[in-house]
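The values are calculated or read from the model by the stated rules, or taken from the named source; none is laboratory data. Small disclaimer: the values here were computed from a predicted structure and weren't measured. Positions of Cβ are generated from backbone atoms using ideal geometry, with glycine treated the same way; all protein chains shown enter the neighbour counts. The accessibility values were calculated without ligands, DNA or RNA, using every heavy atom of the protein model including side chains. Shrake-Rupley method; radii C 1.70, N 1.55, O 1.52, S 1.80 Å.
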Amino acid sequence: MSASQFFNRIGQFGLGVALVGGVVNSALYNVDGGHRAVIFDRFTGIKKDVVGEGTHFFIPWVQRPVIFDVRSRPRNVPVMTGSKDLQNVNITLRILFRPIPDQLPRIYTILGQDYEERVLPSITTEVLKAVVAQFDAGELITQRDLVSQKVSDDLTERASQFGVILDDISITHLTFGREFTLAVELKQVAQQEAEKARFLVEKAEQNKKAAVITAEGDAQAANLLAKAFGQAGEGLVELRRIEAAEDIAYQLSRSRQVSYLPGGQNLLLNVPTPPNPAQ
């Protein structure tokens, strides 16, 4: 066997291996961690078996693997509804959801791979409107835990009918309409005005009591002074006059703008007297 024939055989063998490898590779698919797969067969439809993680075989062209993510994923669903007292309420729910692995063939047959888009917005709106309509606007704030628990129970039961598990449901946003917000603000202002008016009334009453006490004290002082005048006569008046004069003298002595001069002397002490022209 010549060298050329040997290399031709090696080339043919390598080509065959490559073709076989290509066919085998096209018949393999991988299912990553946290995922599951269902097999669509062109002749029998969706198979009931759910394929787990790992590398698996399928028949090219005849079969096609459909991969699903079975890990918990978050989704925010905003809903605008009405309360029991006809107030507009804006609520946003944050939902952690995942499909039930054993029901993936049914989910794919009925809803498709985008099952969350078809199911979650509709059932969330339905449940929220039914629950919120049972509470007044004030109760939605004061009994928020009860509202959240009732929404969680009803929504979990509703989602299970579609093969979806809800791991967590929480109310992340809760606001009311403009009219209700304005009414609350006006109520707060009215309460503040009422508190202010009550403070002014209490202050007026205290001032009134203080005026009465002051008047009673002045009346008692007047009575005491009248008794003192009756007993001491003009001597008490003269004593008060002397005390007042002493107080005035003390205050004037501390002032820098007051000078004292001897009585009966000329104020121009150091000014020379001009000679009399008639002399």
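Brief remarks follow.
- Per residue, the accessible area of the stretch 73-149 comes to 52 Å² when a 1.4 Å probe rolls over the protein heavy atoms.
- Residue 242/residue 213 FRET efficiency (R0 25 Å; Cβ-Cβ; nearest 0.05): 0.20
- Column: log10 I(q)/I(0), Debye, Cα scatterers of the stretch 78-125, q = 0.22, 0.23, 0.33 Å⁻¹: -0.81, -0.85, -1.23
- Gyration tensor verdict on the stretch 38-100 (Cα atoms; rounded if a/c is under 1.5, prolate if a/b is larger than b/c, oblate otherwise): prolate
- Table column - 3J(HN,Hα) (Hz), the stretch 191-203, Karplus curve with 6.51, -1.76, 1.60, x for Gly and Pro: 5, 5, 5, 5, 5, 5, 5, 5, 5, 5, 5, 4, 5
- Around the amide H of residue 70, modelled in the peptide plane, lie the amide H atoms of 35, 36, all under 5 Å away and 5 or more residues distant in sequence or on another chain.
- Label sites at residue 100 and residue 199, each approximated as a point 7 angstrom past Cα along Cα to Cβ, lie 6.2 nm apart.
- The listed peptides 26-36, 78-88, ordered by packing as a protection proxy, come out as 78-88, 26-36 (highest mean of other Cβ atoms within 10 Å first).
- When you count the other C-beta atoms within 10 angstrom of each residue and take the mean per peptide, 242-254, 65-77, 99-111 line up highest first as 99-111, 65-77, 242-254.
- Centre separation in Å (Cα based) which lies between the stretch 88-152 and the stretch 47-86: 17 Å
- In sequence order, calculated HN-Hα J values of the stretch 112-117 (Karplus, 6.51, -1.76, 1.60; Hz; x Gly/Pro): x, 6, 8, 4, 5, 5
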